[in-house]
């Protein structure tokens, strides 16, 4: 079982600058990933406007039946997105989601990081609901933060990397592979 | 994100890999010297150093945010304090003091008593007007621009020009709102 299905890095104009697949079931070609990245960028922007509380920084976690999508946006508006295996029914978000079976999909965005997470569910007809629940495990957030550090070290400090352009840095790939591997080991060890 | 306490400049500086300070100082000196040879005009060198700093700043800000766990600052005052206490410490190993706030709270001065860039430097007469450390102003400008703050930075005092400290005046020109939400009529 893979801990992570795939990783996306999206620049501030919504362009996909890095994509890595770690064995997701659905095959996607380059165009699909680009489209998905810019779609996510827009959804993220919309979620900020949807928020009933001011100072929302957008969707951080999207929970679906078969996967979770964790998103981390730096203050410089670079986004890191990973798709991971779902957390299971014990965590707050999924539990609330399953109590509301008529929702087509559930997504959560956290407002005050330590205390609450606001679960936002959108029905097909466009009606929106907001539910407040406990945040889930911090595991993936830590991994995203670590990947962000790798990005600053091996991508931004590479003098031949052009800002906002696709990332083709071997050192980044190597270190990223190590981080993901380590993450898998800790996951299996639990 | 889970609440992670911001790390102090000292802690980050201690955990970072270090290079020999002299190598750093001498490399910077060589760059400035080469620019003087290439560009001949002191003003052009100032501009070029500033531009180089800017290019560094736009990349460095991400590292700063990633390693310091600093989150959004509430106002420009906090931003200035964070630059002086965390930013300078983390990358240069020295701290600056923030003074001379104007009434609106948009202009302040960062004062550096100690500056590792100038350890062995004596400016010759032909270089009067050269702001040897212009790269620093560029870095701050570039970094702040990436977190949507347009600033103007001027050197007020420069020890190499006979003053008693280094003083950078940082003026917040405008705070550009995030990329979105766009206004509907734009």
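No lab work stands behind these numbers, since they all come straight from the coordinates. Remember, predicted model here, so these are calculated numbers, not experimental data. Here the Cβ positions follow ideal geometry from the backbone for every residue, glycine too, while neighbour counts run over all protein chains shown.
Tabulated values for the structure
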{"quantity": "Nearest 10 degrees, 0 to 90: helix B:134-146 Cα axis against chain B principal axis", "calculated": "10"}
{"quantity": "Estimated FRET transfer efficiency when R0 is 25 angstrom, pair residue B:24-residue B:72 (beta carbons, to 0.05)", "calculated": "0.20"}
{"quantity": "Principal axis box of segment B:9-175, alpha-carbon based, largest edge first, Å", "calculated": "44, 38, 27"}
{"quantity": "Cα long-axis angle, helix B:21-39 against chain B (0 to 90 degrees, to the nearest 10)", "calculated": "70"}
{"quantity": "Chain B: angle of helix B:42-68 to the longest principal axis, Cα-based, in degrees nearest 10", "calculated": "40"}
{"quantity": "Estimated translational D of segment B:1-69 in µm²/s (Stokes, Kirkwood radius over Cα pairs; 10 °C; 1.306 mPa s)", "calculated": "108"}
{"quantity": "Relative contact order, percent, chain B [alpha-carbon distance under 8 Å, six or more residues apart]", "calculated": "25"}
{"quantity": "Per residue Cα convex hull volume in Å³ - calculated over segment A:18-59", "calculated": "92"}
{"quantity": "Modelled FRET efficiency - R0 22 Å, residue B:157 with residue B:15, Cβ distances, 0.05 increments", "calculated": "0.10"}
{"quantity": "Using alpha carbons only: equivalent-ellipsoid semi-axes of segment B:41-126, gyration tensor based, whole Å", "calculated": "25, 17, 15"}
